[in-house]
Amino acid sequence: MKIREISSLELARIVEEIREELIGARVGKIYHIDGGLLSIVLRTREHGRKELLIWPGAAVFVTNSKWIKPQSPSSFAMLLRKYLEGGVIEEVRQEDFDRVFTLRIRHRGRFYRLVAFLHSRGDVVLADDEYRVISAVNWSIAGRKLHKGDKLEFKRYNNPLDGLDAGKLAELSDMELWRVLAIELGLGTAYATILAGKLGLNMKLKLGEQQVSYDKLARAIVEYAELLYKAPAKVLYHGENVEGYLLNPSGERKLLNDALDEYYTHVYEQLTGHREGLDKKTRKKLRSLERRAGELRQKAEEYRAQAEAVYSQLHVIDEALKAVRQGKSFPDGLIKIVSIDRRGHRVTMEVDGQAVTLDFLQTASENANTLYEKAKKAERRLRETLDLMKRLREAASEAEKAPVRAVMRRRWFERFRWFISSEGILVAAGKDVKSNRELVKKYMSPENLFFHSEFEGACVIAFCSPGDEVEKTVVEAAEYAASLSKAWEQGLSSAEVYYVQGNQVKATAPHGHYIPKGGFYIEGPRRYVRAQLKLALGIMLTDEGAKLVLGPISAIKSSCKYYVVVRPGGSSKGELARKARDMLLKKVGTSLGEVLELDELASVLPASGELVEEE
């Protein structure tokens with residue numbers, strides 16, 4: 001499957017889109033996902049938990065989906081954790097308009113650079129602040145071998161966003177037009193083809209062989225690059241299969257980062273859609289069980305053979321056991337005494353060439369029965385082992401037929417705080433000033449309800465339609481708005497919340513009025529609700545998998561079987577996450593343990609609080 005590679009111009013756009021989110025973020029766990037992708041979990045004050053994905057040779061983007069992580073980190077991921085975990089991102093940059101993405105990270109007083117080469121046969125390299133190589137995944141970039149201590153160098157390309165003139169194009173006249181547009185000027189093949197078609201130029205001919213004025217061409221390239229840099233992004237599909245993505249000036253507004261996330265998530269799922277054979281853990285388990293089955297089979301056969309040998313010479317063995325108890329010698333004949341352990345009451349003898357160890361305080365018949373019981377026990381355990389092996393193979397066979405959920409897809413509202421009301425209405429809230437504005441400007445409709453506490457805090461929107469029953473939803477959304485405000489930090493038990501129709505919320509204030517940065521102007525009358533500050537954290541089971549949801553108690557009760565209740569209190573977020581995980585694990589066991597990672601819990605819970613008994 002051909003994977004679309006990001007162009008230099010698109011990378012410049014991505015860096016611009018995600019820079020604000022990443023600067024100042026603290027580096028968390030780092031994972032190597034199947035296929036060579038690198039996942040970096042980040043913690044930010046304003047934007048909460050973020051996950052940066054680097055796909056060497058393809059792209060880099062901030063994902064809104066939850067990618068399934070390996071149980072054990074790779075050696076490179078462990079090395080990156082050693083150097084970078086807990087560090088702070090100081091700079092996000094593109095190197096010389098090349099398809100090279102760099103994070104500059106400060107960790108324990110030192111600076112490091114994580115450099116991702118996104119062109120074909122790319123690599124991810126950890127370097128010091130002077131770009132000297134510390135380690136790499138493949139130790140190779142475009143066929144060139146890397147060595148520890150090498151200094152990374154980058155080719156400088158021409159960025160049309162910085163301007164372009166006829167003289168610069170004249171320097172490139174010996175190159176084919178496709179190379180000039182797609183590589184040297186960073187447009188990428190898709191956009192280079194579109195521009196050449198608009199200008200009536202032949203991509204296969206050299207630039208110097210084209211019938212076009214360099215001045216005119218330079219202006220056209222700059223104008224097109226500026227248009228693309230600001231254009232909405234679109235993901236292209238053929239049926240259910242994803243084909244690519246494109247910056248489309250006439251399309252609906254969509255961030256390029258969101259398009260990359262959607263496209264590469266689909267690509268990864270198509271590439272890893274089915275398991276091939278048994279996974280490593282299952283193969284290891286089966287090998288262990290096979291060894292155990294062999295040992296049990298051998299023991300069962302030995303015990304049964306010894307029991308039958310004893311039964312064949314019951315009278316003689318009884319005489320021999322009596323002699324041993326009395327401390328007398330016993331002549332060799334049908335049986336031969338090999339050794340005696342008086343402390344352990346054991347005697348080993350040969351019976352018809354079969355070595356048998358017996359308890360000399362028991363009779364021959366009692367010893368034979370003991371050996372038969374041991375044989376039966378070994379045979380029973382053998383059957384259990386063989387049954388377990390059969391079930392493992394059947395489960396693995398079913399798994400081969402079933403698609404792997406490599407990525408837990410998230411819907412648009414999961415980028416925000418959200419819950420489903422007890423009346424089945426989606427309620428969403430912003431996480432910070434930026435997401436508050438995005439939620440209101442991009443998603444709120446005139447008929448929706450807008451909630452806000454009298455304290456500073458999140459905007460909450462109930463996405464209801466005309467005719468919907470909203471009596472319970474109003475109460476729940478108000479509780480949500482109150483709990484996501486500064487009133488929670490102040491430890492209040494209730495707070496005043498107002499709500500209005502969506503068409504009453506304005507992004508700008510009329511002349512003579514002032515609204516603070518990130519705020520909104522409310523036009524017309526407001527309705528008020530006194531709301532309690534208390535929430536529930538629940539596990540919601542959906543077609544996409546188990547999801548953690550924080551919301552009002554009545555709403556979480558109606559949508560989640562397992563939940564815990566939290567109210568304002570003095571426990572830190574980390575302590576709260578640990579306690580919530582322990583309480584939920586007692587309720588759900590280990591079956592849903594993957595959703596109860598501390599990072600996931602901390603990203604959903606408030607900054608502080610305390611757990612209380614269920615209501």
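Go ahead and run the numbers for FRET between residue 88 and residue 390, Cβ-Cβ distance against an R0 of 56 Å, rounding to 0.05.
The calculated FRET efficiency here is 0.60.
Can you tell me, using C-alpha contacts under 8 Å and at least 6 residues apart, the relative contact order of the chain as a whole percent?
The normalised contact order for the chain reaches 8 percent.
Using the crude model of +1 on Lys and Arg Cβ and -1 on Asp and Glu Cβ, and no other charge, please compute the dipole size for region 484-615 relative to its Cα centre, in debye to 20.
For region 484-615, the charge dipole is close to 420 debye.
On a straight-distance basis, which lysines could pair with residue 2 in a cross-link, Cα separation under 21 angstrom, same-chain partners fewer than 8 positions away excluded?
Within the straight-line cut-off, residue 2 pairs with 234.
Taking the highest mean first, how do the peptides 463-472, 6-15 order by number of other beta carbon atoms within 10 angstrom per residue?
6-15, 463-472
When ligands, DNA and RNA are left out and all protein chains stay put, how many square angstrom of accessible area per residue does the chain have with a 1.4 Å probe?
51 Å²
What does the convex hull of the alpha-carbon atoms of region 403-497 project to on average, in nm²?
Computing the convex hull of the Cα atoms and averaging its projections yields 7.9 nm².
Defining a contact as two alpha carbons under 8 Å apart and six or more residues distant in sequence, what relative contact order in percent does region 95-180 show?
Taking the mean separation of contacting Cα pairs over the length of region 95-180, I get 21 percent.
In the chain, if the dipole is taken from +1 on Lys/Arg beta carbons and -1 on Asp/Glu beta carbons about the Cα centre, which of 448, 18, 214 is farthest to the positive end?
Result: 18.
Please give every one of the lysines within straight-line cross-link reach of residue 573, meaning a C-alpha to C-alpha distance under 16 Å, and leave out same-chain neighbours fewer than 8 residues apart.
431, 486, 534
May I ask which of 230/442; 69/547; 66/587 have a Cα-Cα span longer than 21 Å here?
66/587
Once you sort the root eigenvalues of the Cα gyration tensor of region 196-250 as a ≥ b ≥ c, which label holds: rounded (a/c under 1.5), prolate (a/b larger than b/c) or oblate (the other case)?
The shape class here is oblate.
Given Cβ point charges of +1 (Lys, Arg) and -1 (Asp, Glu) and nothing else, what value in debye, to the nearest 20, does the dipole of the chain about its Cα centre take?
Charge dipole, the chain, about its Cα centre: 1360 debye, nearest 20.
Can you list the lysines whose alpha carbon is less than 18 Å from that of residue 82, not counting same-chain residues fewer than 8 positions off?
29, 148
What's the magnitude of the charge dipole for region 1-139 around its Cα centre, counting Lys and Arg as +1 and Asp and Glu as -1 at the beta-carbon? Answer in Debye, nearest 20.
580 debye
Can you give me the angle between helix 256-271 and the longest principal axis of the chain, using Cα atoms only, in degrees from 0 to 90, rounded to the nearest 10?
30 degrees
If you compute Rg/Rh (Cα atoms, Kirkwood Rh) for the structure shown, which of (i) 1.03; (ii) 0.96; (iii) 1.16 do you land on?
(iii)
How many percent of the accessible area of the chain is carbon or sulfur, using a 1.4 Å probe?
Ligands and nucleic acids excluded, carbon and sulfur give 47 percent.
Taking the Cα atoms only, what angle lies between the long axis of helix 75-84 and the longest principal axis of the chain, rounded to 10 degrees?
Once rounded, one gets 50 degrees.
If you stretched the chain out fully between residue 530 and residue 219, how much longer would it get, using 0.36 nm times the residue separation minus the C-alpha to C-alpha distance?
Contour length minus the Cα-Cα distance gives 105.9 nm.
So for region 23-125, averaging the separation of alpha carbon pairs under 8 Å that are six or more residues apart and normalising by length, what relative contact order in percent results?
Reported relative contact order: 26 percent.
The values are calculated or read from the model by the stated rules, or taken from the named source; none is laboratory data. Everything quoted here is computed from the prediction, not taken from an experiment. So basically every Cβ, Gly included, is an ideal-geometry build from the backbone, and we count neighbours across all protein chains shown. Heads up: the accessible areas ignore ligands, DNA and RNA and are worked out on the full protein's heavy atoms, side chains in. Shrake-Rupley method; radii C 1.70, N 1.55, O 1.52, S 1.80 Å.
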